[in-house]
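The block underneath contains the structure these notes are about, expressed in structure tokens.
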Amino acid sequence: MSLSLSLFIADPAAVRAVVGSGDVRVRRAIGGRFKQEMARDDDYFSSEIAAGAPTLYEALTAVVDGGPFADGHAFQYGYAYRMICAFHGRRIYSNNFSPFRFGWLERVDEGLASLGVDAVRVSEFGYGLPSPLPYTDLPGHGVWSPADCAKALEQYAAATGEQLAALDGEVREAIEDCAEWLNAARASEGRGVLGFMS
């Protein structure tokens, strides 16, 4: 099974504040910006929608309102939350994380740990959604806070050339991507890295 990460540089607090805010203007703005994406996703999940899952806009409405959430269809609320991240942030890309196989994030985490970087872990992007959103396996979600990003950059800068050279080439490239994300977050005050695994 292949997985991928969707990553955003955003203010975690601003993104989180949308959940349960009831802000109709923000919901409409997000719906307008991502109208085509929502139609495409609704088409992709048409069988689930026919079985009772909310459309993506209905899921977005529930996330902004703080519920109610339909049982058994938590994945849609995860994708709605990802749209909120996209609305408030800037997307970043990495070929080293899209697509990837199960176990890859743990390999990269081991590489980070071998460099002395423990402030962040890429496997965090596979965790659950923030409360009160219901739990779902996919999409997973995680946040590297601005403080975590700053600390991880310091740790990465302290790694030696010998430590980097000892890494598997693919893992080293992936870690270099992580360093780029961390630098992008540092360049935007108050922003961190928000990721979704699906």
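Could you tell me whether V171 is under 24 Å from L60 (Cβ atoms) and not hydroxyl-bearing (S, T, Y)?
On the way: under 24 Å from L60 (Cβ atoms): no; not hydroxyl-bearing (S, T, Y): yes.
It is false that V171 is under 24 Å from L60 (Cβ atoms) and not hydroxyl-bearing (S, T, Y).
For the subset of the stretch 58-104 comprising residues that are of a type in the set (S, T, Y) and under 21 Å from A17 (Cβ atoms), which member is surrounded by the fewest Cβ atoms within 10 Å (Cβ to Cβ)? Talk me through it step by step, then tell me what you get.
To start, the set of residues in the stretch 58-104 that are of a type in the set (S, T, Y) comprises 61, 77, 79, 81, 93-94, 98.
Cutting the leftovers down to under 21 Å from A17 (Cβ atoms) gives us 61, 77, 79, 81.
Working: T61: 17, Y77: 27, Y79: 22, Y81: 24.
Checked the stretch 58-104; the qualifying residue surrounded by the fewest Cβ atoms within 10 Å (Cβ to Cβ) is T61.
Within the stretch 73-82, is there a residue that is closer than 29 Å to E173 by Cβ and assigned to a loop (DSSP other than H, G, I, E, B)?
Checked against the condition, which is being closer than 29 Å to E173 by Cβ and assigned to a loop (DSSP other than H, G, I, E, B), the stretch 73-82 yields no hits at all.
Within the stretch 17-35, how many residues are surrounded by fewer than 19 Cβ atoms within 10 Å (Cβ to Cβ) and either assigned to a helix (DSSP H, G or I) or touching a residue at least 60 places away in the same chain (Cβ under 8 Å) (or both)? Walk me through it before giving the result.
Applying the first criterion (surrounded by fewer than 19 Cβ atoms within 10 Å (Cβ to Cβ)) to the stretch 17-35 yields 17, 20-26, 28-29, 31-33, 35.
If we keep only those that are either assigned to a helix (DSSP H, G or I) or touching a residue at least 60 places away in the same chain (Cβ under 8 Å) (or both) too, we end up with 17, 20, 24-26, 28-29, 31-33, 35.
Count: 11.
Can you tell me how many residues in the stretch 126-161 are under 16 Å from A179 (Cβ atoms) and of a type outside the set (D, E)? So that I can check it myself, show each step before the final result.
Narrowing the stretch 126-161 to residues under 16 Å from A179 (Cβ atoms): 144, 146, 148-161.
With the extra rule that they be of a type outside the set (D, E), the set shrinks to 144, 146, 149-153, 155-161.
So the count comes out to 14.
Of all residues in the stretch 37-55, count the ones that are free of Cβ contacts under 8 Å to residues at least 12 places away in the same chain, farther than 24 Å from N95 by Cβ and either part of a helix (DSSP H, G or I) or among the basic types (K, R) (or both).
Applying the first criterion (free of Cβ contacts under 8 Å to residues at least 12 places away in the same chain) to the stretch 37-55 yields 39-40, 43-44, 46-47, 49-51.
With the extra rule that they be farther than 24 Å from N95 by Cβ, the set shrinks to 39, 43, 46-47, 49-51.
Subset that is either part of a helix (DSSP H, G or I) or among the basic types (K, R) (or both): 39, 43, 46-47, 49-50.
Total meeting the criteria: 6.
Among the residues of the stretch 36-51, how many are hydrophobic (A, V, I, L, M, F, W, C), closer than 13 Å to F75 by Cβ and loosely packed, with under 13 Cβ neighbours inside 10 Å? Show your work before the answer.
Taking the stretch 36-51 first, the residues hydrophobic (A, V, I, L, M, F, W, C) are 38-39, 45, 49-51.
If we keep only those that are closer than 13 Å to F75 by Cβ as well, we get 45, 49, 51.
Filter once more, keeping what is loosely packed, with under 13 Cβ neighbours inside 10 Å: 51.
The number of residues fulfilling the criteria is 1.
Please state which of the following conditions P132 fails to meet, knowing it meets all the rest: (1) in contact with an Asp or Glu (Cβ under 9 Å, 6 or more places away or on another chain); (2) more than 30 Å from A166 (Cβ to Cβ).
So P132 meets the others, but not (1).
Being touching a residue at least 40 places away in the same chain (Cβ under 8 Å), more than 19 Å from the chain's Cα centre (by Cα) and not in a helix (DSSP H, G or I) narrows it down to one residue among V171, V143, V193, V117; which is it?
Result: V117 is the single residue among V171, V143, V193, V117 that is touching a residue at least 40 places away in the same chain (Cβ under 8 Å), more than 19 Å from the chain's Cα centre (by Cα) and not in a helix (DSSP H, G or I).
Name the single residue that is farthest from G72 (Cα to Cα) among those in the stretch 120-136 being assigned to a loop (DSSP other than H, G, I, E, B) and within 13 Å of the chain's Cα centre (by Cα). First the steps, then the outcome.
From the stretch 120-136, those assigned to a loop (DSSP other than H, G, I, E, B) are 120-121, 127-136; that's our starting set.
Going one step further and asking which of them are within 13 Å of the chain's Cα centre (by Cα), we end up with 121, 127-130.
Values: R121: 29, Y127: 18, G128: 15, L129: 15, P130: 17 Å.
Step by step, filter the stretch 120-136, then rank; the result is R121.
Okay, residues lined up against (1) in contact with a strand residue (DSSP E or B) (Cβ under 6 Å, 6 or more places away or on another chain); (2) crowded, with 19+ Cβ neighbours inside 10 Å; (3) closer than 28 Å to G20 by Cα:
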{"site": "E110", "(1), (2), (3)": "no, no, no"}
{"site": "A113", "(1), (2), (3)": "no, no, no"}
{"site": "A119", "(1), (2), (3)": "no, yes, no"}
{"site": "V122", "(1), (2), (3)": "no, yes, yes"}
{"site": "G128", "(1), (2), (3)": "no, no, yes"}
{"site": "Y135", "(1), (2), (3)": "no, no, yes"}
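We did not get these values from a lab; they are worked out from the coordinates using the rules stated. Small disclaimer: the values here were computed from a predicted structure and weren't measured. Note that we place each Cβ from the backbone using ideal geometry, even for glycine, and neighbour counts take in every protein chain shown.
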